[in-house]
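What follows is calculated from the coordinates using simple rules that are stated; it is not laboratory data. Just so you know, these numbers come straight off a predicted model, no measurement behind them. Reconstructed Cβ throughout: ideal geometry from the backbone, glycine too, with neighbour counts over all protein chains shown.
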Amino acid sequence: MKGFRKMDEMEKYISFKCVFWTYGYMVAFLVVWVAIDLFNKVSASVPLFLFVTQMLVQNVIRFTLERQMDGKNE
């Protein structure tokens, strides 16, 4: 069974751009969903929960990875 091969620079760039635009779409969709629910005076608990938790997860992962990278450079 073959293993995974390393991505070259072009594949990494394409993958990064796909993740970037997908994440932007998801954030925009959740913001619009929350705004519509608040405008209609409906509880925005589900979209607001998803929006807040995904921002929290992103920031925790970014903070963790930055700390790991800082430790490797010393």
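What the table below lists for this structure:
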item	result
Using θ = phi - 60° and Karplus 6.51 cos²θ - 1.76 cosθ + 1.60, couplings along segment 37-42 (whole Hz; Gly, Pro as x)	4, 5, 5, 7, 6, 9
Selected from VAL60, GLY3, TRP21, residue furthest toward positive end of dipole (the chain; charges at beta carbon)	GLY3
Shape call, the chain: gyration tensor on alpha carbons, a/c limit 1.5	prolate
